[in-house]
Structure formats: C-alpha cells, structure tokens
Amino acid sequence: MVEKSQIERIEELRDALNYHNHLYYVLDNPSIPDSEYDQMMQELVAMEQECPDAADPNSPSQRVGGEPISGFEQVAHDIPMLSLGNAFDKSDIENWLRRVRGLVDNEIFTLMAELKIDGLAVSLVYENGLLVQGSTRGNGTIGEDVTQNIKTIKSIPLRLSGDFPSHLEVRGEVYMPVASFTKLNEQRAARGESLYANPRNSGAGSIRNLDPKVTASRNMQIWVYSLIDNNGVHQPDTHSQSLEYLKTLGFRVNPHNALCGSIEDIEAYHKSWIENRHNLGYEADGVVVKVNEYSAQNRMGVVGREPRWAIAYKFPAERVMTKLHSIGINVGRTGSLNPYAILEPVIVSGVTVRNASLHNEEDILRKDIREGDWVTIERAGEVIPQVIGPILDRRTGSEVPFKMPSHCPICASLIVKTTDDAMHRCANVSCPAQFFELLKHFVSKGAMNIDGLGEKWCNILIEKGLITDISDLYKLRKSDLIDIERMGEILATKIISNIEESKTNTLATFLYSLGIFHVGSEVAELLAAKYDNLGSIIAASHEDLIAIQGIGPKIADSLVSYFSVPNNLEIIDKLLHLGIEPSNNKTSDIESDSPWKGLTFVITGSLSSMTRREAETLVKSLGGSATSSVTGKTNFLIAGESPGSKLQSAEATGIPILSEEDFNNLLSNPKNILNQT
C-alpha cells in the first residue's frame, strides 16, 4: 500500500507543475527558472515510478508522449465543426454584414474580430475537469481521435482550474510556431531531407503522427477560440464573454481579439494585421469576423457547413520579383526528386528568401519556368514561397529550359516515373538520401520487427559505417554493438537475437519490409497469396500483377520498377544468402474446413499479448479476414484496452465482442469459434 504522504507529495508536485505550465505556456509569464521546473519534474517522474498506484494519465509527466499509436479511431462530433466562407475585400465584408443584419431585422449587434490562425482545428472535451478527448475536424462531422498527441501540447490544460461544469467542449486552432518550424527545417536540411513548405502542414502532420513522441518534440501550441458545450452552466450571452470565461478555466485565448462596432473598425483591424502579422511568431492568413451576441447567432443559423454569423476576411497574397539563378534537386525519403528554385536573395514580409518551391517537373513545364528567368514569387501563408511564374517580357534569350535529370544526383541510379505519379523517383532504396528512412521502416514492428533497434540506434549504425544497406544488419556481431557508447551487453544481445529471429518472417512481411513504393502490408499479402515464392513475384510482369484483384497499374508499375533496379536485386540476394527464409502462408494453404473461413474481424484498442498487426495476421492464418472498420459484414469485434468508437458501433449493432482473453482462448482451440457464432 502506498504511503499517504507520498501520494500527497505527488499531487503537490502535479499541482505545482500544472500551475507553472500555465504561467509559462499560456500566460507567457514564468515565475521560476527552468532548472527549478526540471527538478520538480524529475522528482515527480521518480515518485510516480515508485508509486504505480498513483498513476494518472493526466499527470504533467505524461506530456512527453507515449508509445506509437497503431491507428486513429473515428470520432463523431455531436455538434458539427463548421467551415467559414471567405471575404477578400471591404465590399465583401459590407455585403456579408448587410445580409446578416437582414436576417435579424436590422437588430443592433456588435462584432468580434479575431486573427485567423493558419493551423489545425481541434475539439477538446473535458469531463469533471479532466481532458478525456481531443479530435480533429475531419469532414466536420467525423474526425480523428488524437487525444494522445493533444496531451503532449503544454499549452492545453490536462486539468481545468476555476469553476468548471461536469462536461465541457471547446474548440481551438493547434499550430506550429514559426521558430519551431524553422528549427525543424534546419534539422531536415542537415540530414539532407526535403524541406517542409509551411508551418500549417507541418503542424497538422505532427498532430496526426502515429508516434506521440514526434508531436511532443515539435513544440506545438493552441489558441482556443470557441466555447461549444458546457451543459448550460455559466452560459454567457456573448462570444466575448465566453472567451473571458475560458481564460478563467486555464485556456490560452488570443490576446489580439477585439470588439468592433462598425465596418471601419473591422477594416482598421484587418489592415493593421496585414502590416504586423509577421511579428506574431505564428502564421495567420486573415481575420475572422463574428457576430458577438449568441441570440443573434442563433437566429442567423447555418447554411450548408458555413455559419451565417461568421466570415473569414483573408489577407492578400504577398508577391515580389527576383531572379531564378538555377533549379536544384532534393531527394526525399521515398526517393522523390523535388525541384526547388535557387533565387537571388529577396526580402519577403521581412524575411530574406533564397529558395522557393517548384513542386514537380510537370508544374515547371506548364508554367514554362526557365533557369535565368525573372520570376514572381508569392508568400501566402508559405514560409517557403512558391514560384508563381516567369516574367516573360524580361527574357533575354539566354534562359535555359528545365529538364529533370535521368540519374539520381545523390547515388547516380536511374530515375523512374510512372504514368500515375507526378513525381520522378530514385528507385535505389539504398540511396543515402532515403536509406535512413528505409532502415527505420525495415526494422519496425509492422515490418521485420527487430525490437531494440529504434531510430536513434539506426542513425548511429549508419553514422559509424556499420550499415550501408539493409543486408548489413544480418552481418552484425555482438562485438560490433557492444563497442558503441551506451549500448551495453544486454541490449546488444537482445538486438542480435531479434535480428536472427526475424529471418523466419513471412513472405508478405518481407515484401512489406522492403519499403517498395505503394506496397503496404495489404498489397504484400495479396502478392504472397498469389505466388509461391519471392522469385515468382520478382519475375511477374506488369500484366501479371494487374490481373490480381486489388493491384492496379500504379502498384504494378512500382513493383516492376523496383525489381528492375540491379542494386535492389543484389540486396535481396544478399539477404537470402545471409539466412532470411521468407515463408509463404498463402490463404489457399488454409484448410478448406477451417471454421474461421469467411469470418470478418475488427480489432480495436491495444492488446497486451501481441500487436494489433500480429493479431490480424493470426486471424488471417486461420482463414478469417481482418478489416479496419465495423460494417454489416463484421462477425466479431476484438476489444483490447482503451477501445475507441468501434466498440460503441459494435454494441449498437449487436456484433459479438471478444475480450483479449476470449481471443487467446480461441487461438488455443480455433474450432471453438463455432460456439461463438
């Protein structure tokens, strides 16, 4: 039994850390040095490890991110997350205001002007003051459950303060600060990776990343902009009052929101932020104008997916002219060749710009952009501007039309381009520009499952020259690993053992592990079900492949291209000679009288005895099929810990639900499935 004094100290530390988180991340007014904060956090982590009875998913120690998520569950929004109509000039705002006034018989109301943050809209739900769900907007009606990632954002309170109702839903915009985005791109540039175009896409990708640790590393922030549901408790009369109330609960509300009484006030606010938005430290692409009084909002209503009582007054795009000296090429992690403009440095919105995005060859040719051109570049929410097009009347005749290289600028391998892909790609998966990402994929749980070889160790093995292609994994000796600083004999032994064990993975797993573009786990299983061995797959023609149900021209092109690269075949040959024996568990090999044949399973939540992918593989090995969503064809739902909305769907439609224990019992005696049906 845990001593009461220890629990009291843990709660004391949690309260103190939550308080200082609020001061630092919400109010931007820290009261203690970082060293003191870090000391309290270390003490809390240590005490929580000693006192597992005091575990709390809403502890500030949990913000670093947990284990990777196998996939996002869907969330149905009780109140739809609406989108906004756009206005681009003063006359648009005047017309909008005239319309909405007419809807309430010219009733007097005030307006609220807010910065339109260029981020990702999210919903936050609290029960009894604790954050229980964070979800994305999705299509407005159905979003994704990203609670684990949301909890890593330190400006989002895990526990409310003040006088809060038993149920509360708020909405806000999650974003990546410009400084965090710049740092992220600097890190990618140092690794030779293609740069992200803007903070919005990078931020959205961070929130939807399956690994919460990635989200935690990105220093994401939030502005909360709307009170949606609070059970009718503390119900304000106006939007501005609700924002003040949200501040008392610990939410981060933008300080630049302003009440406006006229079109002139809106125009002045809009103009002011056109001039000053680049001093904000985050991206804003316009101003949101809202009717402030809720009574008027309710009478105006909604049309389609847009509220009549709000509109987005967009900022104009920023354009400048400069000279395009040459077109460079970055090779991305999937082998994509990404052209970019190398420019005469020019100041855009207070930032010196030297490079700009050019998308792909097709876009360059369509716009007729040539090396040596004077070009117009635009910055509309883009930290890396885009080249809009050439200034034709400034051409001298010395400009050079662009041509995509035929060979990779990094490894000199042949470049391939399929008819369905806008990008040219280096087909050599050992190309240094993409090898690190391939190695991470190859050893991951869903692939060869070499436990112990995480991202850090993959990077170290490459840096030390121990691995130059994936076959080198199977040449490693324990002595190679023990010599690495902080590796240790226990971890080295574990890694070598897991490498050896991975040699007997299935043919489908091996195919998926190779990282062939467009070949995911399901496509790999289709191939393994069709062919007897790896050699047959390598020899398959484009016509052979598209004859397989579920494999289209794009996938077939990718497979044929991959197996036409000599280096790829050499690596596969090395892997086979080093002892990899991918077995073929074809569906056709399953006993025809298997009672599992024809049954469809859905798995939700986390399983303690295996991964979700391993469970799906076991179901398929017995003749069943595993799908990702509950439908009328679903026969069973396997529910692990923390199941999502799929459990509710199954319960509502009467689909039998199996616990993990039930599932393991059936695996021990598969014929017992007949008793469940």
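Below, the figures for the structure above:
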item	result
Sorted by Cβ density within 10 Å, fewest first, the residues Val289, Val100, Val303	Val303, Val100, Val289
The chain: antiparallel DSSP beta bridges as a percent of all, rounded to 5	85 percent
Two-decimal Rg to Rh for segment 85-314 - Kirkwood Rh, Cα set	0.98
Where no second cysteine Cβ lies under 4.7 Å, the cysteines concerned in the chain	Cys51, Cys260, Cys458
Estimated inter-spin distance, Glu522 and Lys671, nm [label 7 Å along Cα→Cβ]	3.4 nm
Trypsin sites (Lys or Arg not before Pro) within segment 71-108, DSSP loop, no more than 15 other Cβ atoms inside 10 Å	none
Rg/Rg_ref, segment 590-676, where Rg_ref = 2.2 N^0.38 Å and atoms are Cα	0.99
Packing-based exposure ordering (other Cβ within 10 Å, fewest first) of Ile490, Ile32	Ile490, Ile32
Selection of GluC sites (Glu not before Pro), segment 454-550, meeting DSSP coil and at most 11 other Cβ within 10 Å	Glu485
Reachable lysines from Lys478, criterion Cα separation under 27 angstrom, eight or more residues apart if same chain	Lys440, Lys445, Lys456, Lys464, Lys494, Lys503, Lys574
Surrounding net charge for Glu293, when Lys and Arg each add one and Asp and Glu each subtract one, Cβ distance under 12 Å	0
Hits among lysines - C-alpha to C-alpha of Lys154 under 24 Å, sequence gap 8 or more where chains match	Lys116, Lys183, Lys213, Lys247
Distance histogram for the chain (every C-alpha pair counted, 20 angstrom bins, percent rounded to whole numbers)	15, 42, 37, 7, 0
Ranked His239, His518, criterion: other C-beta atoms within 10 Å, fewest first	His518, His239
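Any read-out appearing in this document is the output of simple, stated calculations on the displayed coordinates, not a laboratory observation. What you are looking at is a predicted structure, and each value in this text was computed from that prediction instead of being measured. No Cβ is skipped: glycine too gets one built from the backbone with ideal geometry, and neighbour counts run over all protein chains shown.
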